[in-house]
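Notes follow once the structure below has been shown.
None of the figures in this text is laboratory data; all of them are computed from the coordinates on show. Treat the numbers as computed from the prediction; the structure is a model and nothing was measured. Glycine gets a Cβ as well: all are built from the backbone with ideal geometry, and neighbour counts include every protein chain shown.
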Amino acid sequence: MPAVGGIAPGSGKKEYPGNLTPYVTVTCVVAAMGGLIFGYDIGISGGVTSMDSFLRKFFPSVYWKKKEDSTTNQYCQYDSQKLTMFTSSLYLAALAASLVASWITRKFGRKLSMLFGGVLFCAGAIINGLAKAVWMLILGRILLGFGIGFANQSVPLYLSEMAPYRYRGALNIGFQLSITIGILVANILNYFFAKIHGGWGWRLSLGGAMVPALIITVGSLILPDTPNSMIERGRHEEARTKLRRVRGVYDVDEEFNDLVLASEESKKVEHPWKNLLQRKYRPQLTMAIAIPFFQQLTGINVIMFYAPVLFDTIGFGSQAALMSAVITGLVNVLATLVSIYGVDKWGRRFLFLEGGIQMLICQAVVAACIGAKFGVNGNPGELPKWYAIVVVLFICVYVAGFAWSWGPLGWLVPSEIFPLEIRSAAQSVNVSVNMLFTFIVAQVFLIMLCHLKFGLFLFFAFFVLMMSIFVYYFLPETKGIPIEEMTQVWKSHWYWSRYVADEDFPNGALEMGKGGQGPKNVRLSLNFPSLFSFFFCA
Ligand code: BGC
């Protein structure tokens, strides 16, 4: 069995001085709020599409089908292309915007992309809140999508560059925490707005997106640029002063020099996109595609977008369904705190693998429960209360598993593994793939539910198994390694080392030589419980 875990602590890697200063903490907290817009939208769209007044106004055919069909096939009552297009149009817009954002983030800094994110999202929220026809809804969602594309491209990079490397995991997960808070707030608002007499509560839900949009807009105006980005744009002395302030120590020379070296390497690269295809970036490119792909194939957004619809389908009734979405939203936030606590202690791999096993078990149980009651014809008859409780409980345990593994790590890991010269472009690949598969899952979920029935949960369970095996063999541990030093994790990996030669990364090779530890001396370790070896090696 090859050692696949990565570099052991104390294996000669660099240690830059620096503290978790109040300055860097506040900066990262403000920047992380960029996740609110994404989260708010995820939570809102599922909720409004289960509000009768909203459906009656914009999607009357779905509304009437739902009313008339309540005694027949429950799996298919929401199946409408127009309705799914409403939810998923945003993701195509976000995909396109993240590609443009790559250029802006590289040329003008991370802050400008965040600002664009806030402003575009705000415009989308206004149009949606005032919508009179479906086209206004879709236009609004396209603008929201642009906003999310810009924000998701820049915020994770900003956080990973700003944070002292020992706390990078925790600070970066602030982004995911904001996403989950956004989802929860949206779920709670939906619950109350749905009760407003006159049925115009959905306007408040959609228009309310202006609040998180203003937060990121103002935040981006007051935040400092990252030292990495300042150096990338030739502002060296300013960057040195900023680095001192951010790290809270005077002697930042070693880190500063490495940032300058990284930036010089980066300057040689004229076409970051073409560059990405070079053999030496194969590990990073693979991760930029595989991680977001797998994150979406956990099936999490089936719960996030459609929890109310799903709970309604399994017989909860509209209000109870919205309430259950609030419960899963709360679990999502609390479990994210667990990963903030543990990510820099237990490492990324441990969380990925533990979360994977947890999700797998829950998906199997939920499939069995729904299968047992709804069978293949989708007609459950009378549903006992205990049954609903068991389903919600396992969905909550599943959400918790995601919230401390693939949720935060799907944004953290890509943002910390790309060298500066490809960072912006690779992060766009990450965001685009994420958005593409969010779109696909959102678009086909209702059709899949209609055809695969409870088997839908087994479909996602299969992918959860695949991604856990992938992580076990191919994802090295990145905890506690400065981002400009990250090449060493590939150089010492049993598989990826064949793609990365010393001369490919003069900076990384030099550093490792300086520490007196050539790559061959770097110790590999399997730093996660043998429980997992048992599962995957048997
Ligand atoms: C994912 C979203 C998901 C959210 C749930 C994020 O990391 O990218 O697609 O809806 O987590 O908390």
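Assuming R0 = 22 Å, can you tell me the calculated FRET efficiency for the pair Ile196 and Trp386, based on Cβ-Cβ distance, to the nearest 0.05? List each step's numbers first, then the result.
Working: r = 33 Å, r/R0 = 1.49.
According to the calculation, E is roughly 0.10.
Between Leu20 and Glu68, what's the calculated FRET efficiency when r is the beta-carbon distance and R0 is 41 Å? Round to 0.05. List each step's numbers first, then the result.
Details: r = 59 Å, r/R0 = 1.43.
Calculated value: 0.10.
If you average 1/r over all unlike Cα pairs in region 105-216 and invert the result, what Kirkwood radius do you get in angstrom? Before the final figure, lay out each step's value.
Values: mean 1/r = 0.0661 Å⁻¹.
That comes to 15.1 Å for region 105-216.
Shown for Ser178, Ser263, Ser432, Ser497: other C-beta atoms within 10 Å of each C-beta, ranked fewest to most, produce the order Ser497, Ser263, Ser432, Ser178. For the pairs Lys107/Lys242; Lys66/Lys195; Lys345/Lys491; Lys280/Lys491; Lys67/Lys195; Lys107/Lys479, flag any whose C-alpha to C-alpha distance is greater than 21 Å. Listed pairs above 21 Å: Lys345/Lys491; Lys107/Lys479.
Each peptide in 400-411, 320-331 gets a packing score, the mean of other Cβ atoms within 10 Å over its residues, and the list from highest to lowest is 400-411, 320-331.
Starting from the Cα-Cα distance between Glu254 and Met466, subtract it from 0.36 nm times their residue separation and give me the gain in nm to one decimal. Walk me through the intermediate numbers first.
Details: separation 212, 0.36 × 212 = 76.32 nm, distance 4.05 nm.
Going from the current span to full extension adds 72.3 nm.
Each peptide in 360-366, 295-301, 242-248 was scored by the mean count of other Cβ atoms within 10 Å over its residues; highest first, the order is 295-301, 360-366, 242-248. In this label model, Lys82 and Tyr495 are separated by 4.6 nm, measuring between points 7 Å along each Cα→Cβ vector. Take Trp103, project a point 7 Å from its Cα along the Cβ direction, then tell me which residues of region 255-284 have their backbone nitrogen under 14 Å from it. Within reach of a label on Trp103, which here means backbone N under 14 Å from a point 7 Å along Cα→Cβ, region 255-284 contributes 271-274. From most to least packed by mean Cβ count within 10 Å, the peptides 434-444, 126-136, 42-52, 456-466 give 42-52, 434-444, 456-466, 126-136. D by Stokes-Einstein for region 195-245, Kirkwood Rh over Cα pairs, 20 °C, 1.002 mPa s: 152 µm²/s.
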